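What follows is a short report on a single structure.
The values are calculated or read from the model by the stated rules, or taken from the named source; none is laboratory data. All figures in this text were calculated on a predicted structure; none of them were measured in a lab. Please note: Cβ atoms are built from the backbone with ideal geometry, for glycine as well, and neighbour counts cover all protein chains shown. These accessible areas exclude ligands, DNA and RNA; they are computed on the full protein's heavy atoms, side chains included. Shrake-Rupley method; radii C 1.70, N 1.55, O 1.52, S 1.80 Å.
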Amino acid sequence: MRMAVFLLVTGIVFASVHFKVLGSEDKPRASAPLPNVIATAAMDQQALTILAGFSPNRREEQARAVMCDGTQVSPTRCNNHSCTFELDTSQVKFVVHTHVKCNNPNKAVARLITKSRELPGPGDHVFLELGQAPNYFKTPKGNVRVLEYRDGAYRLRTVTGDGALERQWQPFAGEPSISEINRALRQS
């Protein structure tokens, strides 16, 4: 049984992911999953229902892990850029969470990070790798997207919202570059 404690992270904060296999040491895992991880229409509908049930909190992320037995697990903690779960990743069917506007006191940096939260953030691919579970998220603009893995590539599919139906994605691809952050810092 694998137990994981990890973060769903958005913005420019990076996550550290570890899992423990009983009787062994903690080992980091960074390789992409081999099997396809594709959400179904039923998962899409359930994810939309869960998102609709979240409170209209725009300051802290909210999340649920839907387990294979149908139960939902809430995170142990959430803040403006992440949620922490303690669960058995092998039993996760899919994950649903929100990305919220950045609350950085520097307005230019906050705008830059909020824009990047329209895409998956660092750590959003972890459920695909550790649990072969699609990861749904609602963006600050209200788009609902799901991160999947198909035919050797991460795929980002829009369930509801803007016209970008599907595109390839790579971990950390939507993150602001150092030069973009420096430019934002100079603007303030």
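Counting only Cβ charges, +1 for Lys and Arg and -1 for Asp and Glu, the dipole size of the range 43-157 around its Cα centre is about 740 debye.
Computed on protein heavy atoms with a 1.4 Å probe, the accessible areas place C102, C68 in the order C68, C102, largest first. The candidates V96, V73, arranged from most to least accessible area with a 1.4 Å probe in the full protein assembly, appear as V73, V96. For A108 and T160, a Förster radius of 30 Å and the Cβ-Cβ distance give a FRET efficiency of 0.50, rounded to the nearest 0.05.
Taking every pair of Cα atoms in the range 80-160, average 1/r, invert it to obtain the Kirkwood radius, and report Rg/Rh to two decimals. With Rg and the Kirkwood Rh in hand, the quotient comes to 1.00.
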